[in-house]
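Everything below concerns the one structure shown next.
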Amino acid sequence: MGYVYLYHGTGAGKTTSALGLALRSIGQGRKAVIVQFLKWWKDTGEYKIMERLGPDYVIRQFGRPGWICQDVSKTEVNEGGLSLKVRGIEDEDKESALEGLEFARKALLDRPGLMVLDEACLAAHLGILEVRDILALLKGIPEETDVVLTGRFAPKELIDRADFVNEIVDRKAPERFVTTRGIQY
């Protein structure tokens, strides 16, 4: 079986690290499939590059608009001086995530070199995906496919299953929320 890599933690750079591996894979002639849970915004570099990288780079998003928060009493969250409207978890979020897992299962039949399950850890933590469903998917990965899981609050079962685990921790960041085109998105 291929290796399972896990990038988790509260620091920035988990998706970026996974995308770096996707770029390396493509450079080595391997196909990369990126499945993004909880994400829907298509004005990101990793989504916009799809046409230029061609058939060796596939990215699909399985999220719905809105910042999800488990605490439904909150209507907004302040992140580094930026105020974001939030919503609770809805059935449609779970349905979309299950569609993402099904897409991943089918994509594995083509035996890509790399599959990224972006935000799978956070989706599991929030209860939008079941850990057992992610583990079942990982049982079926082909020998030539490596898988990367990303997201905050990785469940212990996923940490235990992964072959490589990297925790991304913020050590320093500006007080004000930074969004630089081509860096954060």
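The values are calculated or read from the model by the stated rules, or taken from the named source; none is laboratory data. Only a predicted model underlies this, so the values are computations on that prediction, with no experimental measurement involved. Please note: Cβ atoms are built from the backbone with ideal geometry, for glycine as well, and neighbour counts cover all protein chains shown. Each accessible area value is taken on the protein alone, full model and side chains, heavy atoms only, with ligands, DNA and RNA left out. Shrake-Rupley method; radii C 1.70, N 1.55, O 1.52, S 1.80 Å.
Here are the numbers for the structure shown:
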{"read-out": "5 angstrom amide H check on M115, placed H, neighbours 5+ away", "value": "V33, D146, V147, V148"}
{"read-out": "Estimated inter-spin distance, A136 and R181, nm [label 7 Å along Cα→Cβ]", "value": "4.3"}
{"read-out": "Reciprocal of mean inverse Cα separation for the stretch 69-156 (Kirkwood radius, Å)", "value": "14.4"}
{"read-out": "Amide H within-cut-off set for Y57, under 5 Å, with H built and near neighbours excluded", "value": "A32"}
{"read-out": "Charge sum, other residues only, whose C-beta stays under 12 Å from Y47's C-beta, Lys/Arg counted +1 and Asp/Glu -1", "value": "+1"}
{"read-out": "Accessible-area ranking of V33, V77, V165, largest first, probe 1.4 Å", "value": "V165, V77, V33"}
{"read-out": "A154 long-range amide H proximity, modeled H, under 5 Å", "value": "G9"}
{"read-out": "Under Karplus coefficients 6.51, -1.76 and 1.60, residue-wise ³J(HN,Hα) of the stretch 33-49 in Hz, glycine/proline x", "value": "10, 10, 10, 9, 8, 6, 10, 9, 6, 8, 8, 10, x, 5, 7, 5, 6"}
{"read-out": "Exposed trypsin sites (Lys or Arg not before Pro) absent: longest stretch of the chain, with sites in DSSP loops and at most 11 other Cβ within 10 Å deemed exposed", "value": "43-170"}
{"read-out": "Of the DSSP H helices in the chain, those whose Cα atoms cover at least 18 Å axially and whose Kyte score averages -1.0 or more", "value": "14-27, 91-108"}
{"read-out": "Proximal charge balance of Y185 [Cβ under 12 Å; K/R count +1, D/E count -1]", "value": "+2"}
{"read-out": "Additional length obtainable on full extension of the chain from S17 to W41, 0.36 nm per residue less Cα span", "value": "6.7 nm"}
{"read-out": "Extent along principal axes [Cα atoms of the stretch 1-74; Å; largest to smallest]", "value": "48, 27, 22"}
{"read-out": "Principal semi-axes in Å for the stretch 106-160 [√(5λ), Cα gyration tensor, largest first]", "value": "20, 11, 10"}
{"read-out": "Unit charges on C-beta of K, R, D, E only; dipole of the stretch 109-157, Debye", "value": "200"}
{"read-out": "Probe 1.4 Å - accessible area at E102, Å² to nearest ten", "value": "80"}
{"read-out": "Column: log10 I(q)/I(0), Debye, Cα scatterers of the chain, q = 0.10, 0.13, 0.19 Å⁻¹", "value": "-0.38, -0.66, -1.45"}
{"read-out": "Around H125: net Lys/Arg minus Asp/Glu count, Cβ-Cβ under 12 Å", "value": "-1"}
